[in-house]
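I have placed the structure first, in the form of C-alpha cells, so that the comments after it can refer back to it.
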Amino acid sequence: MTKHGPKPTRAQEHRIEIKAPAAQVWKAISDGEELTRWFVEEAKITPNANGAYEGGRYWISWGAGMEGESRIEVWKPGERLRLTHAKPSEEMVECGLFPKAFLELEEPLVEEYRLESSGGATVLRLVHSGIPTSEDWDEYYDGTHRGWKTFLFGLRHYVEKHFGKPRRNVFVMLPVNASYEQIWERLTGSDGLAREGTLAGLQAGEPYRLTTALGERFEGTILMHVPPKSLVMTVDTIDDALLSVSIDDMAEKKLFYMTLATFGTTEADVGAIRARWLPWMQRLLPGVESQPA
C-alpha cells in the first residue's frame, strides 16, 4: 500500500506596527471584552480545568450561526498567542463562511500572534497557516488575506485612538448579484460615497474628503484601497470612526459588507445612521437579492 504524506498547505503573514505598549496590544487580542472593541461582537476566553490558559478555549462570534472556537496552544502574555481552529459547524459551511472542504481538513488551521516591542511601539506579526493549496481554498485564502488586513487596521485604530472605550457598530450586509466592478462603481460614485470628491487613485496613507449622496461629510485617511473588493478609511468627522467595506464570494453568491466602527456615539446615534444607510445601500447596489434578517 502506498502511503501519502500530508497535503501541501500555505500560510499568510501580516505585520502591523502599533504605537502602544505591548501590554495594551496583548490585552486587546487576549481579553474577551477587548476583542469586541475591534474584532468580533462577542468573545469568551476560558482557561482549562486547571486554571491555565494553555489548553483553554478561545470562542468568538459575529452573531448567530457565525461563531468560531479555537484551542489555545501557546499563551505567553505580551509575547505570543497560538490558536488551533476547531472545525466549523455545518451551518457556517452552508452559509459560505468556510469552504465545504473545511470539514475534511486533516490538520487544523492555525493562527499565531507574536508581539515585539520596538521603541515606544509594538510590532504585531500574525501568521495564519495550514490553509490547503487546492483551488477550492483560493477564495478563502484571498478573503482571509484581505480580511486580516482590515481587522488589524481596526486593532491599531482602537488601541492607538480609543483604547478602553466600547465600540458600537453600524453594520450593513447584503447579498448582491452583480460583478465586483458594477458594485464598486455604484458604491464609489455620485449616488454612493462620492456625490462630491472622489476615491479614485487614492493610496494608503493619503487624506480624502467626500460628501455622500445622503449629504454626510466624510473626511479622514485611507488605510486600504483595493478596488473593486476592499476599502478601509478613518472617518474623522464621525468621532474618529473607522469605515470598512468588503465584497466577497460566499457559497456561489456575493456578499457586500459595510461596517462603521464608532467609539463616541450613543446607541441612538448608531440606530439613526443604520436607519439611513440600510435603505440607501439597498437602493444603490445592483442586484440586491434580499434584505438582511
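Cβ-Cβ below 8 Å, separation at least six or inter-chain, first residue in region 174-200 and within 16 Å of Val288 (Cβ to Cβ), second polar (S, T, N, Q) and in a helix (DSSP H, G or I): which pairs? From region 174-200, the pairs are Leu174/Gln282. Look at Glu139 and say whether it is part of a helix (DSSP H, G or I), touching a Lys or Arg at 6+ places or on another chain (Cβ under 6 Å) and among the charged types (D, E, K, R). Answer is no for this residue. Only one entry in Phe263, Phe256 is open to solvent by less than 40 Å² (accessible area, probe 1.4 Å) and touching a strand residue (DSSP E or B) at 6+ places or on another chain (Cβ under 6 Å), namely Phe256. Do the conditions hold for Leu109, that is, is it in contact with a Leu (Cβ under 7 Å, 6 or more places away or on another chain) and within 22 Å of Ser246 (Cβ to Cβ)? Answer is no for this residue.
From the list Ala178, Ala200, the one residue that fits, being of a type in the set (A, V, I, L, M) and modelled with pLDDT under 95, is Ala178.
Mind checking whether some residue in region 249-271 is touching a helix residue (DSSP H, G or I) at 6+ places or on another chain (Cβ under 6 Å) and modelled with pLDDT under 95? Yes, because at least one residue in region 249-271 is touching a helix residue (DSSP H, G or I) at 6+ places or on another chain (Cβ under 6 Å) and modelled with pLDDT under 95. Out of the residues in region 4-34 meeting the condition of being closer than 12 Å to Val159 by Cα and free of Cβ contacts under 8 Å to residues at least 24 places away in the same chain, tell me which one is most open to solvent (accessible area, probe 1.4 Å). Checked region 4-34; the qualifying residue most open to solvent (accessible area, probe 1.4 Å) is Lys27.
Among the residues of region 162-175, are any outside any loop (DSSP other than H, G, I, E, B), over 23 Å from Asp269 (Cα atoms), out of contact with any Ser or Thr (no Cβ under 9 Å at 6 or more places or on another chain) and not polar (S, T, N, Q)? Scanning region 162-175, I find no residue that is outside any loop (DSSP other than H, G, I, E, B), over 23 Å from Asp269 (Cα atoms), out of contact with any Ser or Thr (no Cβ under 9 Å at 6 or more places or on another chain) and not polar (S, T, N, Q), so the answer is no. Given the residues Gly55, Gly68, which is the only one that is surrounded by fewer than 18 Cβ atoms within 10 Å (Cβ to Cβ) and either in a strand (DSSP E or B) or modelled with pLDDT of 95 or more (or both)? Residue meeting the stated conditions: Gly55. Taking the conditions (1) open to solvent by 80 Å² or more (accessible area, probe 1.4 Å); (2) touching a helix residue (DSSP H, G or I) at 6+ places or on another chain (Cβ under 7 Å) in turn, Lys165 satisfies each one other than (2). Every listed requirement among (1) open to solvent by less than 60 Å² (accessible area, probe 1.4 Å); (2) at pLDDT below 95 is met by Trp62 save one, (1). Against the criterion of being part of a strand (DSSP E or B), closer than 29 Å to Leu199 by Cβ and touching a strand residue (DSSP E or B) at 6+ places or on another chain (Cβ under 8 Å), His128 qualifies.
Remark: pairs (first residue in region 111-127, farther than 18 Å from Val74 by Cβ and open to solvent by 20 Å² or more (accessible area, probe 1.4 Å); second residue modelled with pLDDT of 95 or more and not charged (D, E, K, R); Cβ separation under 6 Å; 6+ apart in sequence or on different chains) = Ser117/Ala22. Of the strands (runs of 3 or more DSSP E) lying entirely inside region 189-286, those carrying at least 1 residues that are within 26 Å of Thr36 (Cα to Cα) are 217-226, 230-235, 241-250, 253-262. Just so you know, in region 76-103 the residues that are of a type in the set (A, V, I, L, M, F, W, C) and open to solvent by 60 Å² or more (accessible area, probe 1.4 Å) include one that is modelled with the highest pLDDT, and it is Leu103.
Do the conditions hold for Glu106, that is, is it of a type outside the set (Phe, Trp, Tyr) and modelled with pLDDT of 70 or more? Answer is yes for this residue. If you go through region 212-234 and keep only what is surrounded by fewer than 16 Cβ atoms within 10 Å (Cβ to Cβ) and β-branched (Val, Ile, Thr), you end up with Thr221, Val226. Contact map, region 35-59: residues that are acidic (Asp, Glu) paired with residues that are open to solvent by 30 Å² or more (accessible area, probe 1.4 Å) and part of a strand (DSSP E or B), Cβ distance under 7 Å, separation 6+ or inter-chain. Pairs shown: Glu54/Glu73; Glu54/Trp75.
The values are calculated or read from the model by the stated rules, or taken from the named source; none is laboratory data. What you see is a predicted model, and the numbers here were worked out from it, not measured in a lab. A quick note on method: Cβ atoms are made from the backbone with ideal geometry, for glycine too, and the neighbour counts reach across all protein chains shown. SASA here: full protein model, heavy atoms, side chains in, ligands and nucleic acids out. Shrake-Rupley method; radii C 1.70, N 1.55, O 1.52, S 1.80 Å.
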